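The values are calculated or read from the model by the stated rules, or taken from the named source; none is laboratory data. Model, not experiment: these values are computed from the prediction. Glycine also receives a Cβ, built like all others from the backbone with ideal geometry; neighbour counts cover every protein chain displayed.
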Amino acid sequence: MTAIGQERPRGRGHLGDLLAWLRRGAKSDFWLRFRRNRNAVSGAIIVALVTLTAVFAPALAPRDFESINMLAVWSPPTGDNLLGGDALGRDILSRVIVGARVSLLVAISVLAITLTFGTAMGMIAGYFGGWTDTLIMRVVDIIFAFPELILAILVAAVMGPGKLTVIIALSLVWWPGIARLTRSLVLSWKSELFVDAAIASGTRPHRILIRHLLPNIVAPIIVRASIGVGFIIMAEATLSFLGIGVQEPEPTWGGMIRDGLVSLRTEPYLSLFSSLALGITIIGFNLLGDGMRDLLDPRIRDR
Amino acid sequence: MGLYAIRRVFGLVPVLFIAVVLTFIANQFVPGDPILILLSDQSGDPVLEARLRADYGLDRPLFEQFVTYIQGIFTGDFGLSFRFANVPVIDVIKTGLLISPVLAIAALTIAVPLGIVLGTFAALRRDTLADTAVILVLVAGISIPNFAMAAFLVFLFAIKLNVVPVAGWGSFQQAVLPVVILAVPPTAYIARLSRTYMLEVLQQDYIRTARAKGLRDHLVTYRHALRNTLVPLLTTIGIIFGGLLSGTFVIETIFNIPGLGSMAIQSVFARDYPVTMAIVLLFTAFYSGINLVVDLLYGLIDPRIRFGGDAA
């Protein structure tokens, strides 16, 4: 993280890379290098499949994910329930499919909150400096002093379990990383001539931040955030597994794995299939994230 | 260095103080009146209620409660449990006090050497099929959550092959699966980092010099290259330890191990907030302590690092 921050963006920087890619389309250098990275391409395919599954979950699920069927209680995979049934005879396949939607919704919410809040805090701290900077960075330091999951559990204990709790707890844990990166990027850009020129011509600070600085720093921040998606999904699943995350009747992969552990000996399908879905999804996001980082970090690129 | 160490130690004080304040505030904001829950069917008894409130110190002003809370922490007194009437928190948690750190340290002693070996192996075979395969395994090791891995491994080794017990705590066999599962993510993480560092180091001038003077390959690798990858690896031990401590929450819950991690989760559900907060505090203090030690060791081991100003 600090490596990106301390590294002064070279040339047009990361955003330039992304824009050039968009302009030149399929023949651009970035796209060619991306396609050569087999791991990143497999990651992108997995992410695309999971996203499509989440978007079209109601249409894809063969059955109602909430409907209870006493004849399918702990049923093994059959023609009716392709992946079997859970303790209430609900269709596991349908619940795994809808579970993708819950996972991604939480991840996107956390991403949106941490990107907005973390970037804002980091920009304010980096641009204004002084006591504002000290105050914001102290808060960041304090949050970093807690192991992530333990802070999330603390929040869950106070707020009570639920989807909102998970989103708030994970946002609280994630924004400091974004803020630190943003601050270091702002520090490296604010001594540029165009910023001085903007100040000299009487541009107000919020306009300098949004119109002049933000476009230059937004790309690495987004890349950094997207690398974290896999870990946000993992954290949500962990909280749901522990029972302090998203609650029934909403299906979550973490909760389903826990529900299945009870009967792992005789009916392992619930745990195993939801573990598979969760594991493959996070692998996909991490492969894609690693690929993006390798391509956009000029230090690694030259090797 | 001495000055830096002193400054770092004192830098911990405000952080830990704020952790104490946070847990105290959290205790105030949790839903429900613990005394009424403790009274349960005897809730009509005003004498008993008053006595319990006095025992728990809840009848005193908030500030006074806070001072008592802080004074208590210095002597290992975290107040009384809400779940077990009039039982001190410390008596509830002391049986499991060492289990989580022992699990974490056991996992770490597997993860560090194994991770370095795997990472070096991949780096020396850069861009070959073996390298790609190792990288894929490492991504899987980092990505698959420990409880998903536990589901598979318990099913395979405890139920199908029946070589280890499903759960429990006390024997060596019972510890095998939990420690192995805990060790997987840090092993993958360390391997990935040491691969990157190794590739970086192998391009340095002193490696070329060592090769040029005719040193054999394995001497170059192990004496010159590997040593220099260990220093940046050391800085990540703190992060890894944080992950391991969090991992114990899940692993202890799955394998029914009576450590602080599973106790914290149980007390969240039992609304035994003093126990939850005490465990959060202990883990935070432990985590900060490890990070402090790692920081100081870093300065001792790498002669290029000089502490001064704000460069730390």
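Just to be sure, is B:Phe82 in contact (Cβ under 8 Å) with a residue 24 or more places away in the chain, within 14 Å of chain A (Cβ to nearest Cβ), crowded, with 19+ Cβ neighbours inside 10 Å and assigned to a loop (DSSP other than H, G, I, E, B)? So B:Phe82 fits the description; yes. Determine, yes or no, whether B:Ala167 is surrounded by fewer than 22 Cβ atoms within 10 Å (Cβ to Cβ), assigned to a helix (DSSP H, G or I) and modelled with pLDDT under 90. When the stated conditions are applied, B:Ala167 does not pass them.
Summed over the stretch A:264-276, the residues that are at the interface with chain B (Cβ under 9 Å from one of its Cβ atoms) and either of a type in the set (Phe, Trp, Tyr) or buried (at least 24 other Cβ atoms within 10 Å of the Cβ) (or both) give a count of 3. Of B:Phe29, B:Phe17, B:Phe10, which residue is loosely packed, with under 14 Cβ neighbours inside 10 Å, within 28 Å of A:Phe144 (Cβ to Cβ) and touching a helix residue (DSSP H, G or I) at 6+ places or on another chain (Cβ under 6 Å)? Going through B:Phe29, B:Phe17, B:Phe10 in turn, the sole match is B:Phe29. Taken together, the criteria exclude A:Asp196 from residues that are within 13 Å of chain B (Cβ to nearest Cβ), of a type outside the set (Phe, Trp, Tyr) and in a helix (DSSP H, G or I).
Within the stretch A:99-113, the set of residues being surrounded by fewer than 24 Cβ atoms within 10 Å (Cβ to Cβ) and of a type in the set (Ser, Thr, Tyr) comprises just one member, A:Ser109.
Residues in the stretch B:145-164 that are buried (at least 17 other Cβ atoms within 10 Å of the Cβ) and more than 13 Å from every other protein chain (Cβ to nearest Cβ): B:Val164 alone. For residues in the stretch B:111-144 being within 12 Å of chain A (Cβ to nearest Cβ) and not in a helix (DSSP H, G or I), which is surrounded by the most Cβ atoms within 10 Å (Cβ to Cβ)? Checked the stretch B:111-144; the qualifying residue surrounded by the most Cβ atoms within 10 Å (Cβ to Cβ) is B:Ile144.
Of the residues making up the stretch A:144-184, those that are without any contact (Cβ under 8 Å) to a residue 40 or more places away in the chain and touching a Phe, Trp or Tyr at 6+ places or on another chain (Cβ under 8 Å) number 6.
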